[in-house]
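Please treat every number below as a calculation from the coordinates, not as lab data. Since we're looking at a predicted model, the values are computed, not measured. Positions of Cβ are generated from backbone atoms using ideal geometry, with glycine treated the same way; all protein chains shown enter the neighbour counts.
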């Protein structure tokens, strides 16, 4: 049985694994992220969709996207200014 204790951000171990897979190797594919997090292949599609729509997971994804966009914009400004 999976560990259902939550970390300081409100994630269970499997939810955290889903989030890390979703923004990492699964490349924003919910089914693949759920599978990589340890959910069964049979239920990965529906679980992935359900997890992505949980408020705390949506907020973490939005924060990741905001930070990613900010890094990209800074890099683009540096390139335009000839710094790299």
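Between residue 41 and residue 77, what is the FRET efficiency for a Förster distance of 25 Å, r being their Cβ-Cβ separation, to the nearest 0.05?
On the way: r = 43 Å, r/R0 = 1.74.
That pair, residue 41 with residue 77, gives E of 0.05.
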Counted neighbours (other Cβ, 10 Å), sorted fewest up, put 65, 14 in the order 65, 14
Measuring from the longest principal axis of the C-alpha atoms of the chain, the long axis of helix 55-80 (C-alpha) lies at a number of degrees, nearest 10, equal to 20
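Could you tell me what % of all Cα pairs in the range 13-80 have separations over 21 Å? Walk me through the numbers before you get to the answer.
Numbers: 664 of 2278 pairs.
That fraction is 29 percent.
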